[in-house]
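To start, the structure under review is shown below, and the notes come after it.
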Amino acid sequence: MFEEIIKILRDKVSVKRNVKEAIELSKQIGHQKNLSLILDILKNAPENSIDVVVCNQLMNKFNRNWAFTCAVHNLLITKELINEASFNSFITMAGKNRQFRAAKNAFDLARKRNLANEITFNSFIVAAGKNSQFEAAQHAFELSKELKLASAITFASFIDVAGKNGQFKAAQDAFDLAKNLELVNEVTFASFIDVAGKNGQFEVAQYAFELAKKWNLANEVTFASFIDAAGKNDKFDEAQKAFELAKSSQLANQITFNSFINAAGKNGQFQASQNAFEMAKEKRLVDKITFASFIDLAGKNGQFKVAQDAFELAKKWRLVNEVTFNSFINIAGKNKQFELAQNVFELAKKWNLANKVTFASFIDAAGKNGQFEAAQNAFALAKRWNLCDCYTFNSFIDAAGKNSQFESAQNAFKQAIILRLADELTFTSFIDLAEKNGRFEVAQNAFELAKRLKFAEKLTIPGFVATMTE
């Protein structure tokens, strides 16, 4: 990794600084594995050796370390070295790290220092959208238009944000304006088609797709977005026609195939999905998502052997990720193949591809197959590795219940409450389990707690407690 950093720093040193000293600085940084030492080197380096591009590369390289990103960002501000690219990178990272206030502060400072360009506005709109701050995104979008800093990408980003925040009318208005201003490109069309499809507006999505083709602005992503929209809206024939056209137009890539495989699966067309999967393999247009999607789809259609073969091939081709493992563990468990599920779970841990869902899936599989001890061991390990969320607890409570281990379920329920990892399903499952075990007072107490925590809804309440509340 650090040899790679040295190369990046050497290649990216700005000509405005002292190149020799900047390269020497990059060498010092490249040999360090401790981020705090890298910061010390930067803080104590000669003025003319600290290059803004070097710092930007460092922030991007270690973007998962939020404290380090902030420290470098603040250093650039203090030394008056910050530029548009620095602000843009920081705003993007702040958005991804759910640090909206930091993104907003950086955006405001960039504007104050006249360092906000089209990318800055775009970055902030996306960051606001990721953090469910639609009004802030909309305000930035309007401001970008006033300042003539709105490009086709800005429109595409806002359309996407509006759609994800349930603001279809705003997305449609932005799309229509983009067309009028001739600020549309392939991404704009793809974003709007996707938004329209997810909002149940298939005819609108279809109109946009036809217009994109007419204007020669339909690319692989445009086709994939429309195929996905058609699949979500029960229009399989339209999805199939678009898929065939994409292939004949040489506009079918991994994303296109993935969209069609999912669309076919959602519409009960497993054979069409399998044919597309086989073709994708032949053309080497498969990725990790292709395998994960198809394995999940095969399992849901009762095709365990097909799912198993796809999983083995994914391993062989090293096209596995957490989702691939999670899907197959879930399928193996449902098909009473516990030993296979356990082997896959162990492999996921060995390959560092076990996440919270992996643990929850295995606990569920163990519970369904009467292997409570295995479920209990996985649950304990998930807690030790900090890989627990509400789904992990829910899976274990359910597994304990299925295996007549009420005390273990009750202890897990109490832990979930203390750790604030209990949701509505946690309460519903535990109350139901308590009733089935004749622990009516425990069920009633859990229900009263659910009411206090605003988790209680009558439709999810089991029989005995529901009767008592009427």
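Coordinate-derived values only; no laboratory data. Nothing here was measured: the structure is a model prediction, and the numbers come from that model. Counting neighbours? That spans all protein chains shown, and the Cβs are built from the backbone with ideal geometry, glycine included.
Against the longest principal axis of the chain, how steep is helix 372-384, in degrees 0 to 90 to the nearest 10, with axes from Cα atoms?
30 degrees
Evaluate the distance, in nm, between pseudo-label points positioned 7 Å from the Cα of residue 177 and of residue 43 along their respective Cα→Cβ axes.
A separation of 4.5 nm, rounded to one decimal place.
Compute the distance in nm between two label points, each set 7 Å from the Cα along the Cα-to-Cβ direction, one at residue 419 and one at residue 309.
The modelled label-to-label distance comes out at 4.0 nm.
Can you list, bin by bin at 20 Å, the percent of alpha carbon pairs in the chain, starting at 0?
20, 42, 35, 3
Over 19 Å between C-alpha atoms is what I'm after, so list which of 96/232; 198/266; 96/145; 96/266; 130/198 land there.
96/232; 96/145; 96/266
Tell me, how many Å apart are the Cα centres for the stretch 361-399 and for the stretch 412-430?
Each part reduced to its Cα centre gives a spacing of 14 Å.
If packing is taken as the mean number of other Cβ atoms within 10 Å per residue, what is the order of 431-440, 241-250, 182-191, highest first?
182-191, 431-440, 241-250
Using only Cα atoms, locate the centre of the stretch 159-211 and the centre of the stretch 281-319, then give the distance between them in Å, rounded to an integer.
32 Å
Using R₀ = 60 Å, calculate the FRET efficiency as 1/(1 + (r/R₀)^6) where r is the Cβ-Cβ separation of residue 316 and residue 237; round to 0.05.
Result of the calculation: an efficiency of 0.95.
For the peptides 154-164, 131-141, what is the packing order when you average, over each peptide's residues, the other Cβ atoms within 10 Å and list the highest mean first?
Per-residue Cβ counts within 10 Å, averaged per peptide and sorted highest first, yield 154-164, 131-141.
In the stretch 327-362, whose amide N lies under 12 Å from the spot 7 Å out along Cα-to-Cβ of residue 385? List them in ranges.
Backbone N within reach: 345-362.
Would you please give the FRET efficiency between residue 445 and residue 214, computed as 1/(1 + (r/R0)^6) with r the Cβ-Cβ distance and R0 = 45 Å, to the nearest 0.05?
The formula returns an efficiency of 0.10 here.
Under 22 Å between alpha carbons, and skipping anything fewer than 8 positions from residue 148 in its own chain: which lysines qualify?
104, 112, 179
What lysines could a cross-link reach from residue 454, if we take a straight Cα to Cα line under 25 Å and drop same-chain neighbours fewer than 8 places away?
In chain and number order, the partners are 414, 436.
Taking Cα atoms, how many degrees apart are the long axis of helix 35-44 and the longest axis of the chain, rounded to 10 and kept between 0 and 90?
Approximately 20 degrees, to the nearest 10.
Sort 452, 113 so that the residue with the fewest other Cβ atoms within 10 Å of its own Cβ comes first and the one with the most comes last.
Ascending number of Cβ neighbours within 10 Å: 452, 113.
Taking neighbour counts of Cβ atoms within 10 Å as a proxy for exposure, in what order, fewest first, do 294, 406 appear?
Exposure proxy ranking, most exposed first: 406, 294.
Run the simple label-point estimate for residue 452 and residue 75 please: 7 Å along Cα→C-beta, distance reported in nm.
4.9 nm
Which FRET efficiency value, to the nearest 0.05, is calculated for residue 300 and residue 407 with the Förster distance at 30 angstrom and r the Cβ-Cβ distance?
It comes out at approximately 0.30.
Taking all pairs of different Cα atoms in the stretch 348-458, averaging 1/r and flipping that mean, what Kirkwood radius in angstroms comes out?
Every distinct Cα pair counted, the radius reaches 14.0 Å.
Helix 84-96 versus the longest principal axis of the chain: what angle, 0 to 90°, nearest 10, using Cα atoms?
Computed tilt is about 10 degrees.
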